[in-house]
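The values are calculated or read from the model by the stated rules, or taken from the named source; none is laboratory data. Since the structure is predicted, the reported quantities are computational estimates derived from the model, not experimental observations. For neighbour counting, all protein chains shown are included, and Cβ atoms are generated from backbone atoms with ideal geometry for every residue, glycine included. Remember, those area values only see protein heavy atoms, side chains included, never the ligands or the DNA or RNA. Shrake-Rupley method; radii C 1.70, N 1.55, O 1.52, S 1.80 Å.
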Amino acid sequence: MAKVAPEGLITALDIGSSKVSAMIAQKGDGGELIVLGTGQRESRGVKRGYIADMAATEAAVREAVEQAERIAGINIENVWVGFSAGGLVSDVAEVEFELGGHRVEQQDIDALLAAGRNSIDPQGRMVLHAQPALYTLDGLTGVKKPLGLHADRLGVHIHVVAADGSPVRNLDLCVRSAHLEVKSIIASPVATGLACLSEEERELGVALVEMGAGITNVSLFAGGMLVGLTSIPVGAQDITDDIASAFGTRRQLAERMKCFHGSANASPRDNHDMIPVVPISAEDGAGEGAQITKAQLIGVIRQRLEHQMGEVRTALAKLKFEGPVGRQVVLTGGGAELKGIADYAQQALGRSVRIGRPRGLTALPEAHGGPAFATLAGLAFYAATDPVDLRGLAPQRTTVHRPKGMGMMRKLIQAARANY
């Protein structure tokens, strides 16, 4: 019989276009995160990251969470939920105060953060994150703990991530309908960056490309924070659909063909390896069908990848991710599990590319250790750190507008991008 959840327990919930996954973890004595149970169900009712069928998505959420509860032997009541749909925007707000040379006191920091909260202008969107990232002392950036230091001017850079309100509210309603309390809704790139990127990578500058089933999120990290992101409505499911359409088979069988025989790279041998194709008209996926060469399958995959990587290349250019070839790109998400994708992306993007997998979790099942589960792991890391959020200073944890005329936005993001 399941027992009541102990204090300090963390439950992460990632609702994607292809799967709903849950993870129950707990902090160990040394501060490490220990995975107690995981659950996964096919996603039903989610299109391009947006909830299109509330009842179907709610059922998948219930089943994934219940599976994790059975494995952990614990009943949970609240979850940290990831949001990966399009419409996410990231920006950096900057606020600065005159101190007159005296030592920085806690009340100075509190007043600065309160002013920072009021400087946020999400332009009608819902704020998901409003976190103080780095402080400045007399123009010196990168100060993490200004308390007790002397300064003439004290400033703060505030990392803001916002999204369209309706999809976020639908996500919140869906989870609450499954009788779960929503602790917080976290932007997918923020969580995934914690799971896949080292602190040094986030400081020096790195691009994170989350290749989901229906959405590809391209994020740029610099100066230790997310400084820009864009969403592309193309994902791994589009490759599956292309295969199903090209060879006249069911989506489920097309997905198997992609996973077991597909690759991003071709070889001469692929012209001789034959793959059976079960026609869509066959009952229960059985029956005699045509055969195709592996080269034909890879040709369909590469055609879609060429379009997808072209979109990623355009997104990186818009984010000003330019300059030295050494700037690294990290691929993650279910689409990053395609064979040969890192080599293909490296050639297509002209940059160093690696696959981002979740790391730093104890007792993580091997089946959940791939790039497809990076966001889920990142949600657990985010919950464990539970960073300061300026929305907690506001009367309502919703949209906050700044007074007209405050033009402090985008300073840091422009400075960070200028380094490229």
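Quick notes
- Residue selected from region 57-89 under the condition open to solvent by 20 Å² or more (accessible area, probe 1.4 Å) and not in a helix (DSSP H, G or I), by the criterion nearest to E181 (Cα to Cα): N78
- Qualifying residues in region 5-15 (those that are part of a loop (DSSP other than H, G, I, E, B) and either crowded, with 24+ Cβ neighbours inside 10 Å or small (G, A, S) (or both)) - the one nearest to the chain's Cα centre (by Cα): G8
- For first residues located in region 113-141 and on the phi > 0 side of the Ramachandran plot, partners that are among the β-branched types (V, I, T) and open to solvent by 10 Å² or more (accessible area, probe 1.4 Å) and lie 6+ apart or on another chain with Cβ distances below 9 Å form the pairs Q123/V89; G124/T399.
- The residue that is modelled with the highest pLDDT, counting only those in region 114-159 that are outside any loop (DSSP other than H, G, I, E, B) and among the small types (G, A, S), is G155.
- Flag for T230 being closer than 30 Å to H129 by Cα, in contact with a strand residue (DSSP E or B) (Cβ under 6 Å, 6 or more places away or on another chain), open to solvent by 10 Å² or more (accessible area, probe 1.4 Å) and outside any loop (DSSP other than H, G, I, E, B): yes
- Single condition M54 does not satisfy, out of (1) open to solvent by less than 70 Å² (accessible area, probe 1.4 Å); (2) out of contact with any Cys (no Cβ under 9 Å at 6 or more places or on another chain): (2)
- Matching residues in region 283-336 - criterion: being at pLDDT below 95, more than 30 Å from G205 (Cβ to Cβ) and assigned to a helix (DSSP H, G or I): E283, D284, G285
- The set of residues in region 148-158 that are open to solvent by 10 Å² or more (accessible area, probe 1.4 Å) and on the phi < 0 side of the Ramachandran plot comprises L149, H150, D152, R153.
- Inspection of region 101-113 identifies no residue that is charged (D, E, K, R), within 30 Å of P167 (Cα to Cα) and either in a loop (DSSP other than H, G, I, E, B) or under 32 Å from the mean Cα position of the chain (by Cα) (or both).
- The residues on offer are R44, R48, R103, and the sole one that is surrounded by fewer than 22 Cβ atoms within 10 Å (Cβ to Cβ), within 30 Å of L140 (Cβ to Cβ) and either of a type in the set (K, R) or touching a Ser or Thr at 6+ places or on another chain (Cβ under 8 Å) (or both) is R103.
Matching residues to (1) more than 19 Å from Q308 (Cβ to Cβ); (2) open to solvent by 20 Å² or more (accessible area, probe 1.4 Å); (3) outside any helix (DSSP H, G or I):
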| position | (1), (2), (3) |
| --- | --- |
| R176 | yes, yes, no |
| L194 | yes, yes, no |
| E200 | yes, yes, no |
| E210 | no, no, yes |
| F221 | yes, no, yes |
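- Flag for G378 being touching a Cys at 6+ places or on another chain (Cβ under 9 Å), within 20 Å of T192 (Cβ to Cβ) and modelled with pLDDT of 90 or more: yes
- Residue, farthest from D386 (Cα to Cα), within region 16-41, restricted to residues that are of a type outside the set (G, A, S), at pLDDT 95 or above and open to solvent by less than 20 Å² (accessible area, probe 1.4 Å): V20
- All positions within region 356-367 that are modelled with pLDDT of 90 or more and either on the phi > 0 side of the Ramachandran plot or open to solvent by less than 60 Å² (accessible area, probe 1.4 Å) (or both): G356, P358, L361, A363, L364, P365
- Checklist (1) open to solvent by 10 Å² or more (accessible area, probe 1.4 Å); (2) in contact with a strand residue (DSSP E or B) (Cβ under 9 Å, 6 or more places away or on another chain); (3) farther than 19 Å from V92 by Cα; (4) not hydroxyl-bearing (S, T, Y) applied to V143, failing item: (3)
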